[in-house]
Amino acid sequence: MTTRTQVLIPVAAAAVVIGIVGIYSIPSDSKLETVEFPRGTIKIDDTVLEVQVADTEPRRIRGLMFQDQLPYDQGMIFVFQESGIYSLWMLNMQFPLDMIWFDKDGMIVHIEKNIAPCKTPAEIMACQSIVPDKEAMYILEVTSGFIDKFNITKDSKLNIISI
């Protein structure tokens, strides 16, 4: 009969190995503790946000990794050149997020609330990509609770002021 320790030790070792491999497989541009993102301003309905703009592949890969929790008037907007099915995940995040996918016209096509970060080796091993069911051109990441606090619904609209 297998003991609990005999099962947990190999599982923990595998989780650590997978976590280390995952971190080493992140492109070097995204491993830096501080990455400079261009800044912009957007509006969702009547709510104005200052956003970090992730408009290149290295910036999109890095995202909000390792950053501290954002106030409700800040976020990160992922900008793509064309509409598509774009997924995100919570690797090395420090706080939970709400995520909103927008089409090219600024209409919401998908909403995810309170997505937990993947920080520990076990969480990293099970960290899932969040995949929308419709094509989008922009994805907004904001601190968890933003959607409920500002009554964001599928009828809300993104207005890009400057990015």
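A short reminder: the numbers here are calculations on the coordinates, not readings from a lab. Since the model is a prediction, treat every value here as computed from it, not as a measurement. With ideal geometry, Cβ positions are generated from the backbone for all residues, glycine too; neighbour counts draw on all protein chains shown.
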Radius of gyration and Dmax over the Cα atoms of the stretch 31-163, both given in Å: 13.7, 40
Footprinting exposure proxy for Asp148, Asp98 (fewest neighbouring C-beta atoms within 10 Å first): Asp148, Asp98
